[in-house]
Amino acid sequence: MMSPKPFLASLGAALFIPVFCLCTGAAWAEDAGSAAGAAGAAAADPRAAYKEIKLLELVPATRISDGGRVIFEPRPVRFAAKLAQLPTPQKSDYLKQVMGMMGMGAELKVGQRVALDYGGEKLLAAYVEDDAAARIGKELKEGDTRTFYAFHVYNNRYGPALVITSFSED
């Protein structure tokens, strides 16, 4: 028999996520014309679907002051940052649970993190998909600035929880 605690936690998350998405949808919504344009551009270049963000603005705006977490449907984002630390092992049980709830559990394998210097007071830790971590380890060194492609999965007391999937020099 299933323990009531995991069931209630799953039920709470299942109820919370749609409500949160409805409440925050306006902040991320695009008008129909730009959404159609983005879809056409994404067909030509898959990276065009990644919304450009500035971490210097996003990090403080997404910090959860009560220590909780706000989960939502992962959003593809891209941003410029300086690699401050090469990939290192990172526990990702919570991330895997969240991604599984969102139907992305099998798509991304994540077991490492990097530290990013985005110009804020502190470095930002970001999860890194395993293939991207291997590529970062081979191609980059600390101090290199790149455009990173990631999924914004949830917010916590540190700001956005990002899962980097790729990077480019542009």
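Numbers below:
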{"read-out": "Neighbours by Cβ (under 8 Å, 6+ apart or cross-chain): first from the stretch 84-104, touching a residue at least 40 places away in the same chain (Cβ under 8 Å) and part of a strand (DSSP E or B); second surrounded by 13 or more Cβ atoms within 10 Å (Cβ to Cβ) and acidic (Asp, Glu)", "value": "Ala84/Asp117"}
{"read-out": "Some residue of the stretch 119-140 being free of Cβ contacts under 8 Å to residues at least 12 places away in the same chain and surrounded by 14 or more Cβ atoms within 10 Å (Cβ to Cβ)", "value": "no"}
{"read-out": "Condition met for Ser65 (under 20 Å from Ala48 (Cα atoms), surrounded by fewer than 16 Cβ atoms within 10 Å (Cβ to Cβ) and over 13 Å from the mean Cα position of the chain (by Cα))", "value": "no"}
{"read-out": "The stretch 141-170, residues that are over 14 Å from the mean Cα position of the chain (by Cα) and surrounded by fewer than 16 Cβ atoms within 10 Å (Cβ to Cβ)", "value": "Lys141, Glu142, Gly143, Asp144, Thr145, Arg157, Ser168, Glu169, Asp170"}
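Just so you know, all these numbers are worked out from the coordinates, no wet-lab data involved. Here the structure is a predicted model, which is why all the values come from computation and not from measurement. Backbone-built Cβ (ideal geometry, glycine too); neighbour counts: all protein chains shown.
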